[in-house]
Amino acid sequence: MKKPLPTLLAMLLCSAVPTIAQASIDDLEDLRSSQASKEWRLLKYDKRLNIKSYDKRDDQNAGVRSFKLDVVVNGSLETVSRIYFDIENYTRWFWTVRDAKLLKKVSDTEFYYYLQHDAPVSLPDRDVVIHAVIEPYTSQKGYALFKLKAAPDFLPVKPPFVRMLAEDMEIKWTPVDKDKTRLEVEGFIHPGGFVPAWAINAVQRQAPYFTMVGLQRMVLLTQYNAPTTPMPFKIRE
């Protein structure tokens, strides 16, 4: 059963005329300057929450854009990574996630997990299997990496869900000090099935930002910033 609250795509479809118009303007800009369209474009700079979001045209998927985020959160590397490793609680902060679970722990630095995403009434809901690989922090590097790649064939398709072909991201976690972490995120989403490019782009312009707003709330929770349980995966060498 779908949630009664509208999802991002539902709201977009309800306001289709201005959204499509903006998408058309963006597409026209791409045609006028193919070189410029391949550069990262700043979409939003939220100074209060320290969030910058960008997009650019994806060379391998005509008409579709990639996204990038540059964020500073008030949480340590351990706090931020604990939130990302707590898959079952993605429903509390990750955009339009209705169900989430860990599927398989391969090692202390590798695992698979499963997400279900809400879609509007006019479209089937989506699901995705993601292969996660951690490159732990070292003092020589000064950062940790969290690499996410869709693995659509890891589980059989579960109708009526449409299996997403990509929810791919590389997240770089750099400690600023003991209480702050910088996140640099680059990613790409392909929802599978048929969804107009303008709708995919609209999601990739807005969903990453709102997910980071959710993360900024999660770092305030005691279960993450003052935990009583061991770290579930390795974050430091």
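The values are calculated or read from the model by the stated rules, or taken from the named source; none is laboratory data. Owing to the predicted nature of the structure, the values given are computational and were not obtained by experimental measurement. Because the Cβ atoms are built from the backbone with ideal geometry, glycine has one as well, and the counts that use them run over all protein chains shown.
Name every residue in the stretch 102-123 that is in a loop (DSSP other than H, G, I, E, B) and not small (G, A, S), in order of residue number. Walk me through it before giving the result.
In the first step, residues of the stretch 102-123 are kept if they are in a loop (DSSP other than H, G, I, E, B); the result is 108-109, 118-123.
Within the stretch 102-123, D108, T109, D118, P120, V121, L123 meet the criteria.
In this structure, is T138 among the hydroxyl-bearing types (S, T, Y), in contact with a Phe, Trp or Tyr (Cβ under 7 Å, 6 or more places away or on another chain) and in contact (Cβ under 8 Å) with a residue 60 or more places away in the chain? Talk me through it step by step, then tell me what you get.
Values: among the hydroxyl-bearing types (S, T, Y): yes; in contact with a Phe, Trp or Tyr (Cβ under 7 Å, 6 or more places away or on another chain): no; in contact (Cβ under 8 Å) with a residue 60 or more places away in the chain: yes.
Judged against the criteria, T138 is not a match.
Within the stretch 170-183, is there a residue that is of a type in the set (F, W, Y), crowded, with 17+ Cβ neighbours inside 10 Å and modelled with pLDDT under 95?
No.
Mind checking which pairs have a first residue in the stretch 197-226 that is among the aromatic types (F, W, Y) and a second that is in a loop (DSSP other than H, G, I, E, B), Cβ under 7 Å, 6 or more apart or different chains?
Qualifying pairs under 7 Å: F210/W95.
Quick one: is Y90 under 25 Å from S53 (Cα atoms) and among the hydroxyl-bearing types (S, T, Y)?
Values: under 25 Å from S53 (Cα atoms): yes; among the hydroxyl-bearing types (S, T, Y): yes.
The answer is yes for Y90.
When residues of the stretch 199-236 are filtered for being modelled with pLDDT of 95 or more, part of a helix (DSSP H, G or I) and of a type in the set (G, A, S), how many remain?
Number of matching residues: 1.
Please verify whether K101 is touching an Asp or Glu at 6+ places or on another chain (Cβ under 8 Å) and farther than 15 Å from E184 by Cα, treating the condition exactly as stated.
Numbers: touching an Asp or Glu at 6+ places or on another chain (Cβ under 8 Å): yes; farther than 15 Å from E184 by Cα: yes.
Considered against the rule, which asks whether it is touching an Asp or Glu at 6+ places or on another chain (Cβ under 8 Å) and farther than 15 Å from E184 by Cα, K101 comes out as yes.
What's the number of the only condition in (1) of a type in the set (K, R); (2) over 26 Å from D179 (Cα atoms); (3) surrounded by fewer than 16 Cβ atoms within 10 Å (Cβ to Cβ) that R57 fails to meet?
Failing condition for R57: (3).
Considering only residues that are β-branched (V, I, T) and out of contact with any Asp or Glu (no Cβ under 9 Å at 6 or more places or on another chain), look in the stretch 198-222 and name the one that is surrounded by the fewest Cβ atoms within 10 Å (Cβ to Cβ). Don't jump to the end; show me each part of the working.
Within the stretch 198-222, the subset β-branched (V, I, T) is 200, 203, 211, 213, 219, 222.
Then keep just the ones that are out of contact with any Asp or Glu (no Cβ under 9 Å at 6 or more places or on another chain); that gives 200, 203, 211, 219, 222.
Details: I200: 21, V203: 21, T211: 19, V219: 20, T222: 8.
Among residues in the stretch 198-222 that are β-branched (V, I, T) and out of contact with any Asp or Glu (no Cβ under 9 Å at 6 or more places or on another chain), the one surrounded by the fewest Cβ atoms within 10 Å (Cβ to Cβ) is T222.
Could you figure out which of (1) buried (at least 17 other Cβ atoms within 10 Å of the Cβ); (2) within 23 Å of F85 (Cα to Cα); (3) among the aromatic types (F, W, Y) isn't true of F154?
The single condition F154 does not satisfy is (1).
I want to confirm something. Restricting to the stretch 90-108 and keeping residues that are crowded, with 16+ Cβ neighbours inside 10 Å and touching a residue at least 60 places away in the same chain (Cβ under 8 Å), which single residue is farthest from V176 (Cα to Cα)?
If we take residues in the stretch 90-108 being crowded, with 16+ Cβ neighbours inside 10 Å and touching a residue at least 60 places away in the same chain (Cβ under 8 Å), then R98 is farthest from V176 (Cα to Cα).
So which residues in the stretch 124-170 are over 14 Å from Y113 (Cα atoms), over 14 Å from the mean Cα position of the chain (by Cα) and part of a strand (DSSP E or B), if there are any at all?
R126, E135, Y137, A144, L145, V162
If N225 satisfies all but one of (1) surrounded by 20 or more Cβ atoms within 10 Å (Cβ to Cβ); (2) in contact with a helix residue (DSSP H, G or I) (Cβ under 6 Å, 6 or more places away or on another chain), what's the number of the condition it fails?
(1)
Yes/no per residue for (1) closer than 26 Å to K68 by Cα; (2) without any contact (Cβ under 8 Å) to a residue 12 or more places away in the chain; (3) in contact with an Asp or Glu (Cβ under 7 Å, 6 or more places away or on another chain):
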| position | (1), (2), (3) |
| --- | --- |
| L115 | yes, no, yes |
| S122 | no, no, no |
| H131 | yes, no, no |
| Y143 | yes, no, no |
| A150 | yes, no, yes |
| F154 | no, no, no |
| K158 | no, no, yes |
| F161 | no, no, yes |
| A166 | yes, no, no |
